[in-house]
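First up is the structure itself, then whatever we jot down about it.
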Amino acid sequence: MRRLLIRSVLAVLAVAVLAVAWIGAGPGWSRALDAIHTTRLATATSVSIRQFSGSFRFVPGRNGAPLPEAGGFTSYDWGTPLENVGIQLDPGGVLVLIGGDRRFVLGKCPGAKSDHGYTPVIAPEPGDAISITLDRSMASWPTPFHVACCGSLDGGGSWYPWARYLYWHLLWIKPDGARLDMRARFKQIYESGIGWNEPGAASLERLDIRPAQRDARAGQRA
């Protein structure tokens, strides 16, 4: 009887340790698994760019209108990773993304200028190849202590027992070989009784700008 009691206590302790480890290391394990595989939710091959309240955002679609293929993106009302990078509208309506000492032209709209946080829709240049994908992490992790008081519509508390990651990836290649590779991660939480909420702020994981092939060769000769 005593031996059975000791085994039961040890089993309970082992489960408790595993549960604590899962809660604490969950985000890290999720990212490790996501490096191997993620689940594709949506893909868009056309994009429009517009400025809202001082921040530039991508609208997966054409001429500011979303396409059916981009439904996974438009189902959320969340900021894009563009808020984490340097973007400026140069004279002549040239919209440029800046990463370190490199620049990438996103689009041109002659006569466009930033005015009180508003610009016309700016489309990519002819010949640009664009792919924006949205992926979901393989595994979620428990967040049993994430509770918000008075968070629901009926005045009660809300419980958020699970969390997971979403990944936003942009690959943009120009006819001359210039390339933009940008990847961001979002945290998404599950609300009991409602489902998965809108993702939070983006964490920029990768921003790689490569110059046009002729510019790269010129730099090597210099």
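What pairs come out if I take residues in the range 181-195 that are over 17 Å from Gly99 (Cβ atoms) and charged (D, E, K, R) and pair them with residues that are outside any strand (DSSP E or B) and open to solvent by 20 Å² or more (accessible area, probe 1.4 Å) whose C-beta lies under 6 Å away, six or more apart or interchain?
What qualifies is Lys187/Gly200; Glu191/Tyr160; Glu191/Asn197.
Across the range 161-178, what is the number of residues that are basic (Lys, Arg) and within 18 Å of Arg136 (Cα to Cα)?
Of the residues in the range 161-178, 1 are basic (Lys, Arg) and within 18 Å of Arg136 (Cα to Cα).
Output the number of residues of the range 179-217 satisfying the condition of being farther than 22 Å from Met138 by Cα and either surrounded by 15 or more Cβ atoms within 10 Å (Cβ to Cβ) or modelled with pLDDT of 85 or more (or both).
9
Answer yes or no as to whether Glu83 is open to solvent by 40 Å² or more (accessible area, probe 1.4 Å), modelled with pLDDT of 65 or more and assigned to a helix (DSSP H, G or I).
Answer is yes for this residue.
Residues checked against (1) at pLDDT 80 or above; (2) more than 17 Å from the chain's Cα centre (by Cα):
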residue	(1), (2)
Arg40	yes, no
Gly54	no, yes
Ala65	no, yes
Trp78	no, no
Gly92	no, yes
Leu106	yes, yes
Gly111	no, yes
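Could you please give the count of residues in the range 91-110 that are free of Cβ contacts under 8 Å to residues at least 24 places away in the same chain and farther than 17 Å from Pro211 by Cβ?
5
The values are calculated or read from the model by the stated rules, or taken from the named source; none is laboratory data. Quick caveat, the model's predicted, so the values are computed rather than measured. Note: ideal-geometry Cβ built from the backbone for every residue, glycine included; neighbour counts use all protein chains shown. The protein model used for the area step is the full one, side chains on, heavy atoms only, and it has no ligands, DNA or RNA in it. Shrake-Rupley method; radii C 1.70, N 1.55, O 1.52, S 1.80 Å.
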